[in-house]
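The values are calculated or read from the model by the stated rules, or taken from the named source; none is laboratory data. What you see is a predicted model, and the numbers here were worked out from it, not measured in a lab. Note that each Cβ is placed from the backbone with ideal geometry, even for glycine, and that neighbours are counted across all protein chains shown. These area figures cover heavy atoms from the full protein model, side chains too; ligands, DNA and RNA do not enter into them. Shrake-Rupley method; radii C 1.70, N 1.55, O 1.52, S 1.80 Å.
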Amino acid sequence: QVQLVESGGGLVQPGGSLRLSCAASGSFFSITTMAWYRQPPGKQRELVARINSSSRTNFADSVKGRFTISRDSTKNTVYLQMNSLKPEDTAVYYCNAGAILVGGKFSADYWGQGTQVTVSS
């Protein structure tokens with residue numbers, strides 16, 4: 001019932017910045033929590049940042065002070081601003097969302113297709 005599409009990934013030098021976007025579409029009443037996860041090659045997926053409908057945020061320790069997460073509820077879109085990027089930030093970044101579906105039922109674990117972020121000199 002929810003489709004997520006990420007954009008904004010690419011190649012950037014260490015110390016540079018990127019801004020990822022994730023837009024939600026489909027049949028739902030509202031989006032509740034939106035989050036960014038990442039998965040480096042050969043490693044397990046990990047939570048990067050999360051934001052709820054009241055704009056309360058949560059960050060992984062590895063990105064605190066460097067990344068910010070925000071959302072535009074009118075567009076059902078979440079953003080991840082990544083500054084001071086490091087080579088260890090290289091990964092496929094995935095958007096995740098929970099939603100209140102039509103009829104009032106909560107559903108979670110919707111995922112985007114992923115966008116590649118490569119930090120290299």
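Within straight cross-link reach of Lys64, meaning Cα distance under 19 Å, which lysines are found once same-chain residues fewer than 8 apart are removed?
Lys86
Return the carbon/sulfur percentage of the accessible area of the chain, one whole number, probe 1.4 Å, all protein chains in place.
The computed percentage sits at 46.
Any idea how far the Cα center of region 1-31 sits from the one of region 72-121, in Å?
Distance between centres, Cα-based: 5 Å.
Can you tell me the relative contact order of the chain? Whole percent, Cα pairs under 8 Å, sequence separation 6 or more. Each step should come with its number before you reach the end.
On the way: 310 pairs, mean separation 44.6, N = 121.
Relative contact order of the chain: 37 percent.
Using a 1.4 Å probe, what is the accessible area per residue for the chain, in Å²? Walk me through the numbers on the way to the answer.
Details: 6400 Å² over 121 residues.
Per residue, the chain has 53 Å² of solvent-accessible surface.
Contour minus end-to-end for Arg19 and Ser73, with contour as 0.36 nm per residue of separation and end-to-end as the Cα-Cα distance?
Numbers: separation 54, 0.36 × 54 = 19.44 nm, distance 1.75 nm.
Full extension from Arg19 to Ser73 adds 17.7 nm.
Mind giving me the nanometre distance, one decimal, between the label points for Lys86 and Ala108, set 7 Å out from Cα along Cα→Cβ?
2.8 nm
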